[in-house]
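Worksheet: one structure, shown below.
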Amino acid sequence: MKFLTNYSMLSAISNLQSTGASILTAMQLLGIISAAIAFGIGAYHLIWGGVRGRQSSIVWFIGGAVGLVVLMGATAIAQYIDSQVVF
């Protein structure tokens, strides 16, 4: 009976991990789209922003790049945490 309890617990953990991986993959796709939009807004500010356009475009470029790097690195961070956690 204890075997069945342990098996169902491992199955639940496996399902939770696969759900998290699916959510992370979807978020990465949305992150690429969001970064492209941020770069487009930054380019708009750079071209049409006037005197302060360069300053505001730098904020959009850096924000888009940092957000994209963090989101794409989330898979590596999640895999590292998964390898370190022991039940």
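With axes computed from alpha carbons, what is the tilt in degrees of helix 53-84 against the longest principal axis of the chain, rounded to the nearest 10 within 0 to 90?
With rounding to tens, the tilt is 10 degrees.
Just grab the label-to-label distance for I58 and M27, each label 7 Å out from Cα along the Cβ direction, in nm (one decimal).
Inter-label distance under the simple model: 3.0 nm.
Order 64-77, 15-28 from most to least packed using the mean count of other Cβ atoms within 10 Å.
Ranked from most to least packed, the peptides come out as 64-77, 15-28.
Taking R0 as 30 Å, what's the FRET efficiency between W48 and V70 from their Cβ-Cβ distance, rounded to 0.05? Please list the in-between numbers first.
Details: r = 29 Å, r/R0 = 0.96.
Plugging the Cβ-Cβ distance into 1/(1 + (r/R0)^6) gives 0.55.
Kindly give the semi-axes, whole Å and largest first, of the ellipsoid equivalent to the chain, taking each as the square root of 5 times a Cα gyration tensor eigenvalue.
They are 44, 12, 6 Å, listed largest first.
Based on DSSP H runs of at least 4 residues, each adding -39500 (n - 2.57), what is the mean residue ellipticity at 222 nm of the chain after dividing by all its residues, to the nearest 500 deg cm²/dmol?
So the helix-based figure for the chain works out to -33500 deg cm²/dmol.
We did not get these values from a lab; they are worked out from the coordinates using the rules stated. Because the structure is predicted, anything quoted here is derived from the model rather than measured. So basically every Cβ, Gly included, is an ideal-geometry build from the backbone, and we count neighbours across all protein chains shown.
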